[in-house]
Amino acid sequence: MATAQVDLFFRLKALSQEISEGVSLKDARSELLSMLENLSEVPVPYHNIIQDLLNKVGFYPYLGKFENLDFRAVINQEFHRSEILEDYVLHREQFLVSEMLRQEKSVILSAPTSFGKSLLIEEIVASKKYKNIVIIEPTLALIDEVRNRLKKYSEYYKIIFSKNQKPENNNIFLLTQERLIEYPDLPDINFFVIDEFYKLDLDTDERSDTLNHAFYLLLKKTRNFYLLGPPIKTIPTDFLNRFDCELRLTDFETVRVNFQNAGKREAKNLFKLLDSLEEQTLIYCKGPGSSETNAKKYLEKTSKKVFNNYNQDVIEWINENLHKDWSLVTLLQYGIAFHHGGLPRHISRYLVEAFNNRKIKYLFCTTTLIEGVNTSAKNIVVYDEKKGDQLLSRFDLRNIAGRAGRMNQYLSGNVYMFVSNPTTDSDHVDIPWFTQDSASDSLLVQIDENDLTPPSRERVRPISQNTDLDFSIIKGNSNVDPSGQIKLASALRSDLSLNELLAWSQNPTYPQLKKSCELIWEFLVRKSEGQRVVDGVFSADQLTFITNIYRTKKFPSLLLQDYLIKQPNKKVDDAISTVMSWVRKWFEFRMPKMLMTLHSIQEAVYNDLDLPVGNYKYFASELEHGFLPPSISTLREMGIPAELGAKIVGKIGFKADMSIDDVIKKIKVMPLNDFSSFEKSLIQKL
């Protein structure tokens with residue numbers, strides 16, 4: 001027997017003993033994955049031994065890699081085949097959690113990215129066990145991905161992803177936490193899912209208040225839930241006892257992740273590393289500027305520059321609708337791109353699909369992608385140690401590293417580290433609405449009095465008993481600082497001359513818009529201490545100016561053109577990033593929200609004082625929907641840009657009473673002759 005085969009035999013024997021004794025199971029699984037990855041080099045007589053070890057560690061899905069299975073392997077494979085999703089074989093840990101959920105046990109699952117947590121959501125949906133299901137996803141990109149995965153069940157469930165859709169008999173409410181809170185007249189809910197539940201903790205996400213509020217509301221409707229997220233160690237024990245749920249902690253991975261020190265953090269070392277990598281690679285950068293700069297520098301410095309035509313359709317669309325000098329155009333011609341939250345949504349979606357389809361090899365990205373949709377990356381390069389201005393947390397790094405490899409595609413992934421591991425983070429995830437120790441005032445006012453702790457009641461009492469603004473108004477303006485609302489109401493009461501500028505309806509004049517923006521900026525926009533810029537806006541005057549231009553131009557592309565005319569020295573890349581950030585973060589969400597908060601406060605105060613009252617609902621709605629009909633604007637979340645949406649209006653015989661479902665049906669039978677290749681591809685994905 002050859003020496004290599006002897007070594008393999010004894011290694012398999014040692015592995016078998018380690019697994020039987022329960023010693024270093026994580027390392028044993030990793031070694032088995034390495035053998036599977038190189039199965040063609042393993043002599044056939046050893047395949048049965050590897051099958052036996054796969055059975056022992058619970059890697060049942062990987063038994064399908066063998067042409068001939070022994071009897072035990074066949075039995076295990078069939079026993080762990082999903083009863084609902086017949087094409088899927090579950091691994092041991094998936095199967096255990098699946099059984100808990102089938103027995104209507106509420107589960108909080110903490111597991112690595114490669115575990116396959118999301119597959120269990122589809123099992124729940126496919127079982128058709130529940131009449132109304134809520135699925136909370138942190139981003140619109142994830143909502144779009146999950147919607148595409150679940151639309152095969154649309155004959156039984158209506159999938160609701162917009163507050164403008166009305167429920168039917170059986171529904172899946174697929175929403176962000178903000179959309180859930182805003183959804184009018186939510187019916188009885190039988191089961192809910194919260195993805196990335198660790199974001200409940202105030203230290204992990206600025207939107208945690210809203211997520212806590214959504215979690216609290218859902219628990220008022222049902223105690224049946226499934227929370228999924230990355231590896232943690234603890235959550236509040238009292239929560240587990242009170243809600244009779246199971247915290248399942250596991251390190252079970254289906255992909256072997258190899259961490260490697262990449263050396264000194266210098267651009268030349270990064271570029272040398274990238275030149276040495278042959279497969280799909282994500283490069284993590286701290287923010288939009290870093291991702292764009294590093295992508296452009298790499299194209300300039302790389303010795304492996306290869307021109308391709310894979311992305312020509314999107315390039316032509318960008319040239320015609322955005323700007324021919326955007327650096328993304330040149331990068332795409334060489335299979336390189338950047339991805340961050342300042343990109344148009346349909347471009348972001350395309351970049352992910354192109355990366356997964358190997359039309360893009362190197363994707364320089366921020367946490368917007370890392371925390372978002374699924375990607376197929378063999379390699380992850382962690383180049384920056386920060387997330388914006390903050391150091392990466394352990395949760396952040398786990399999420400980033402978890403993108404390396406992908407089950408059934410890459411059995412192993414590589415993580416190249418230019419940074420050191422975070423060492424100070426806690427592995428505990430707080431649930432602020434429940435513990436209330438670190439809960440904000442804007443969260444506490446949403447909690448029923450009988451669910452507040454005694455210290456929390458004391459904090460809420462001066463808010464509820466203030467004489468300037470009714471407590472119901474404060475609660476209705478969810479996730480807006482109560483003290484800011486009260487101060488604004490007090491300012492309106494003390495300066496009655498403001499009434500003349502605030503009692504507007506439909507479309508405000510410029511002075512009316514300016515005064516509204518000044519009050520919003522001073523009292524309602526949440527700014528941390530010392531913060532000057534909020535998502536690309538640095539003053540009330542600027543907010544007034546860009547809002548006025550947007551309502552005139554109406555489309556992001558025209559707003560961009562106007563911005564470049566007024567700022568001729570501005571770089572095209574910076575202009576696109578800035579304008580798209582305004583549109584996505586201000587006009588589609590924050591500004592309509594703030595306008596409606598101002599509306600409710602001035603309405604309450606001026607009704608009380610018997611003064612003329614303004615009505616901002618129309619203008620807020622116009623901003624939120626990009627000056628398109630609501631059912632057409634919803635298409636933006638499905639990868640249809642506003643400019644294309646406007647074009648579709650004229651092609652489908654649009655009527656004002658059409659729902660998003662009606663619109664999609666019309667689009668499905670609409671002739672596509674007058675659309676570009678890229679536009680056709682976007683439409684065909686609906």
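Spot the failing condition for ASN132; the list is (1) out of contact with any Leu (no Cβ under 8 Å at 6 or more places or on another chain); (2) open to solvent by less than 40 Å² (accessible area, probe 1.4 Å); (3) more than 24 Å from PHE243 (Cα to Cα), and only one is missed. Looking at each condition in turn, ASN132 falls short on (3).
Which one of these is at pLDDT 95 or above and open to solvent by less than 30 Å² (accessible area, probe 1.4 Å): GLN446, GLN465?
Values: GLN465 fails: open to solvent by less than 30 Å² (accessible area, probe 1.4 Å).
None of the others qualify; the one that does is GLN446.
Residues of the stretch 491-512 include none that is in contact with a Cys (Cβ under 8 Å, 6 or more places away or on another chain) and either modelled with pLDDT of 95 or more or open to solvent by less than 70 Å² (accessible area, probe 1.4 Å) (or both). Take the conditions (1) aliphatic (A, V, I, L, M); (2) buried (at least 20 other Cβ atoms within 10 Å of the Cβ); (3) outside any helix (DSSP H, G or I); MET658 misses just one of them, which is (2). When the residues of the stretch 276-291 are filtered to those that are in contact with a helix residue (DSSP H, G or I) (Cβ under 6 Å, 6 or more places away or on another chain) and not in a strand (DSSP E or B), which remaining residue is surrounded by the fewest Cβ atoms within 10 Å (Cβ to Cβ)? Ranking the qualifying residues of the stretch 276-291, first place goes to PRO288. Taking first residues from the stretch 490-510 that are in contact (Cβ under 8 Å) with a residue 60 or more places away in the chain and partners that are among the charged types (D, E, K, R), the Cβ contacts under 8 Å between residues at least 6 apart in sequence or on separate chains come to ARG493/ASP468; LEU502/LYS515; ASN507/ARG551.
Collect the residues in the stretch 622-642 that are in a helix (DSSP H, G or I), touching an Asp or Glu at 6+ places or on another chain (Cβ under 8 Å) and more than 23 Å from ASN548 (Cα to Cα), keeping them in residue-number order. Correct list: SER631, GLU637, MET638.
Please work out if ARG394 is within 22 Å of PHE197 (Cβ to Cβ) and surrounded by fewer than 20 Cβ atoms within 10 Å (Cβ to Cβ).
Details: within 22 Å of PHE197 (Cβ to Cβ): yes; surrounded by fewer than 20 Cβ atoms within 10 Å (Cβ to Cβ): yes.
Taking the combined requirement at face value, the residue satisfies it.
Entry remark, the stretch 247-274: residues being outside any loop (DSSP other than H, G, I, E, B), surrounded by 14 or more Cβ atoms within 10 Å (Cβ to Cβ), charged (D, E, K, R) and more than 25 Å from the chain's Cα centre (by Cα) number 1 in total. Close Cβ contacts (under 9 Å, 6 or more residues apart or on different chains) running from residues in the stretch 659-676 that are in contact (Cβ under 8 Å) with a residue 40 or more places away in the chain and closer than 12 Å to LEU644 by Cβ to residues that are surrounded by 13 or more Cβ atoms within 10 Å (Cβ to Cβ) and hydrophobic (A, V, I, L, M, F, W, C) comprise SER676/TRP317.
Exactly one residue out of ILE360, ILE380 is under 18 Å from LEU270 (Cβ atoms), assigned to a loop (DSSP other than H, G, I, E, B), out of contact with any Cys (no Cβ under 8 Å at 6 or more places or on another chain) and open to solvent by less than 20 Å² (accessible area, probe 1.4 Å), and it is ILE360. Within the stretch 398-429, if we keep just the residues that are in a loop (DSSP other than H, G, I, E, B) and of a type in the set (Val, Ile, Thr), the residue that is least open to solvent (accessible area, probe 1.4 Å) turns out to be VAL429. Taking the stretch 293-338 as the range and being of a type in the set (A, V, I, L, M, F, W, C), modelled with pLDDT of 95 or more and closer than 23 Å to PHE271 by Cα as the test, the residues that pass are ALA295, LEU299, TRP326, LEU328, VAL329, LEU331, LEU332, ILE336, ALA337, PHE338.
The values are calculated or read from the model by the stated rules, or taken from the named source; none is laboratory data. Note that the coordinates shown come from a computational prediction; the quantities given were computed from them, not determined experimentally. Neighbour counts are summed over all protein chains in view; Cβ atoms, including those assigned to glycine, are modelled from backbone coordinates with ideal geometry. Just the protein is used for accessible areas: all its heavy atoms, side chains included, with ligands, DNA and RNA removed. Shrake-Rupley method; radii C 1.70, N 1.55, O 1.52, S 1.80 Å.
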